[in-house]
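See below for the structure under consideration.
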Amino acid sequence: MKRQWLVLGLLIGLSIVLGIVLGWLFKQSQCQSTPSTLLETHNLVLADSRVPCIEFYWRPEITDEFHVLVKMNNFGLHAPVYSVEKPANTFRVLVVGDSFPQGIQVKLEETFPYLLQQQLGQIDGRQVEVINLSVDSIGTDRELLMYAYLGWQFQPDLVLLSVYPGNDIQDNQIDLEALRYSYRLNRPFFTLNDGALKLHNSVQLAPDLFPDSAVFQWLSGVQVAQLPSPQEDLPARPKVIDRQPYTLEYPVEWGIYLPEDKYWKDAWALTEALLLQFRDEVRLSGVPFVTVIIPDRRAVHDTDWTLLLTEYGKILPDLYQADPTAPGSRLERFLTGHSIPTLNLTTTLHDWAQAHSDTRLYYPYDGHFTPDGHAVTAQAITAWLQDNRLLHIP
């Protein structure tokens, strides 16, 4: 009898192992369905490396605010598995953004792009599919490149750009970004020369990587017209007070709330030019382009702004006169002034936070959305798209 139980136990154990192996093989076959040239081009264009179909646990060591199993798809994104070819009878919404729509602080099923797909359901009998091409630590510049090399190939019916003024404007300006990280990142970046966007990139893409598309041909053109990288010209403030470890007198991003110097003036002008270029590239595909402004948590949770004033007010007294909602409002005025449909989430999120004072929409230290933040955002975007009839069936 003991031998029979032992044999049964071994069989059960083998079946479990076999199931794990088969599941892994199935997952690998999904990864291999992504054309390798797409990932290679991604690495070349964005100077970024996406590893498909890996899984890892992520938990902040100090704050322990969340503990998430992150699952990357066949494009190396925190999103479901995608095929470039659009299935029949499908309405595709393409979301491009940074770490907020990426949402690796929460489960994939809790991210607002995933929830948006569930809530939109169907449009005139066509199944909605939301393609989330969002990557952490990139600004509007590389989001534009992301769309130009890959996004349009998904044949979206609507393109939604997520804009986070908390650091997007800063990240677009190469000197502000270099001061933030202590060195200039080896990545493509744009500058404005006589009002025109110029791309600086050390990588020259091979012509055979470019599909026959007006969108991608624009990228090919700016690559050909690339310029030598300008010399670093770092701001005098914030001052570097220690290099081991690298420490600034205050975070670079607080500059968005201070009187505008030449660096922030350039950052805003560059960001506005990038947004208009994004609009123009989407128009080449003949589909609607909309934007969603995600505010910094200090514009939503009043206590977070108070904490900032307490910590940095003596160093930066101009903060006492600053309005944490101003960057989002400025973006909204610019976008709507150029006929770009725009949803500024500041009021919606702030009002919700006021009504639910015991619940956080943003993690207090990490600064990204909690599951509630993603849920409220998804509901707001769904209602806005529907109420403004932005879901157009071509």
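The values are calculated or read from the model by the stated rules, or taken from the named source; none is laboratory data. These figures come from a predicted structure and were not determined experimentally. Cβ sites come from the backbone with ideal geometry, for glycine too, and all protein chains shown count toward neighbours. The area values use the complete protein model at the heavy-atom level, side chains included, leaving out ligands, DNA and RNA. Shrake-Rupley method; radii C 1.70, N 1.55, O 1.52, S 1.80 Å.
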Go through 234, 176 for me and flag whichever is open to solvent by 60 Å² or more (accessible area, probe 1.4 Å), modelled with pLDDT of 95 or more, in contact with a helix residue (DSSP H, G or I) (Cβ under 6 Å, 6 or more places away or on another chain) and not in a strand (DSSP E or B).
-> 234
Picking from 101, 87, the residue that is modelled with pLDDT of 85 or more and in a helix (DSSP H, G or I) would be 101
Considering every residue within region 70-85, establish whether at least one is more than 20 Å from residue 158 (Cβ to Cβ), surrounded by 14 or more Cβ atoms within 10 Å (Cβ to Cβ) and touching a residue at least 60 places away in the same chain (Cβ under 8 Å).
-> no
Residues of region 135-173 being modelled with pLDDT of 95 or more, open to solvent by less than 10 Å² (accessible area, probe 1.4 Å) and among the hydroxyl-bearing types (Ser, Thr, Tyr), which ones?
-> 140, 162
Inside region 179-193, can you point out the residues that are out of contact with any helix residue (DSSP H, G or I) (no Cβ under 8 Å at 6 or more places or on another chain) and either over 16 Å from residue 273 (Cβ atoms) or open to solvent by less than 20 Å² (accessible area, probe 1.4 Å) (or both)?
-> 181, 182, 183, 186
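Being within 24 Å of residue 199 (Cβ to Cβ), crowded, with 19+ Cβ neighbours inside 10 Å and at pLDDT 95 or above: is that true of residue 111 here?
For residue 111, the condition - within 24 Å of residue 199 (Cβ to Cβ), crowded, with 19+ Cβ neighbours inside 10 Å and at pLDDT 95 or above - is not met.
Per-residue answers, yes or no, for (1) crowded, with 19+ Cβ neighbours inside 10 Å; (2) not aliphatic (A, V, I, L, M):
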site: 323; (1), (2): no, yes
site: 330; (1), (2): no, yes
site: 333; (1), (2): no, yes
site: 338; (1), (2): no, yes
site: 352; (1), (2): yes, yes
site: 383; (1), (2): no, no
site: 389; (1), (2): no, yes
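Mind listing just one residue for me: the one in region 356-381 that is among the β-branched types (Val, Ile, Thr) and free of Cβ contacts under 8 Å to residues at least 40 places away in the same chain and, of those, most open to solvent (accessible area, probe 1.4 Å)?
My answer is 359.
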Strands (runs of 3 or more DSSP E) contained entirely in region 240-311, each with at least 2 residues that are closer than 26 Å to residue 378 by Cα = 289-293
Failed item in (1) open to solvent by less than 20 Å² (accessible area, probe 1.4 Å); (2) free of Cβ contacts under 8 Å to residues at least 60 places away in the same chain, with residue 298 passing the rest | (1)
